[in-house]
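One structure is given below, encoded as structure tokens.
The values are calculated or read from the model by the stated rules, or taken from the named source; none is laboratory data. Note that the structure is a prediction, hence the values are computed from the model and not measured. With ideal geometry, Cβ positions are generated from the backbone for all residues, glycine too; neighbour counts draw on all protein chains shown.
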Amino acid sequence: MGKGAPLRWIENRVIARYLSGRGVEIGALWKKFPVSRSAKVWYVDRGKADYLEHHYREAGPHYVLPDVVADAARLPFADSSLHFIVVSHLIEPHAKSAGSPAPLV
């Protein structure tokens, strides 16, 4: 366990208490972010299971299968329809394709 791991675990547990309602997690890959039991979360990724298996072999075989396949910059949700967005493993692919991270919100 790395030096920051215990602090990150505590932060995640505290933050999870405040994530309720409807939301999305983009790029969960292999581990869902903890949220309250009352939360409804849709998992979003840029590819289905075969895409995840091909591009992220190191994370397999227990992938978080996406409920919605979409680009993070163009989410198919209506304005003001979500209470929260959790972003995981997102900077890497955007930095590679764009040269530098671009603002998503």
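Looking for whichever is at negative phi and touching a Leu at 6+ places or on another chain (Cβ under 6 Å) here; the options are 5, 49. Which one fits?
49
Tally time: how many residues in region 56-67 are surrounded by fewer than 16 Cβ atoms within 10 Å (Cβ to Cβ) and modelled with pLDDT of 85 or more?
Final tally of qualifying residues: 2.
Considering region 35-64 alone, what residues qualify as being in a loop (DSSP other than H, G, I, E, B), more than 10 Å from the chain's Cα centre (by Cα) and within 22 Å of residue 81 (Cβ to Cβ)?
Scanning region 35-64 gives 35, 36, 37, 38, 39, 46.
For residue 78, state whether it is within 26 Å of residue 20 (Cβ to Cβ), of a type outside the set (Asp, Glu) and out of contact with any strand residue (DSSP E or B) (no Cβ under 6 Å at 6 or more places or on another chain).
Answer is yes for this residue.
For region 67-82, how many residues are out of contact with any Leu (no Cβ under 8 Å at 6 or more places or on another chain), in a loop (DSSP other than H, G, I, E, B) and at negative phi?
Residues in region 67-82 being out of contact with any Leu (no Cβ under 8 Å at 6 or more places or on another chain), in a loop (DSSP other than H, G, I, E, B) and at negative phi: 11 in total.
Which count do you get for residues in region 11-30 that are loosely packed, with under 15 Cβ neighbours inside 10 Å and modelled with pLDDT under 85? Give the derivation first.
The first filter runs over region 11-30 and keeps only residues loosely packed, with under 15 Cβ neighbours inside 10 Å, leaving 11-15, 17-18, 21-22.
Those still in the list that are modelled with pLDDT under 85 too: 11-15, 17-18.
Summing the residues that are loosely packed, with under 15 Cβ neighbours inside 10 Å and modelled with pLDDT under 85 in region 11-30 gives 7.
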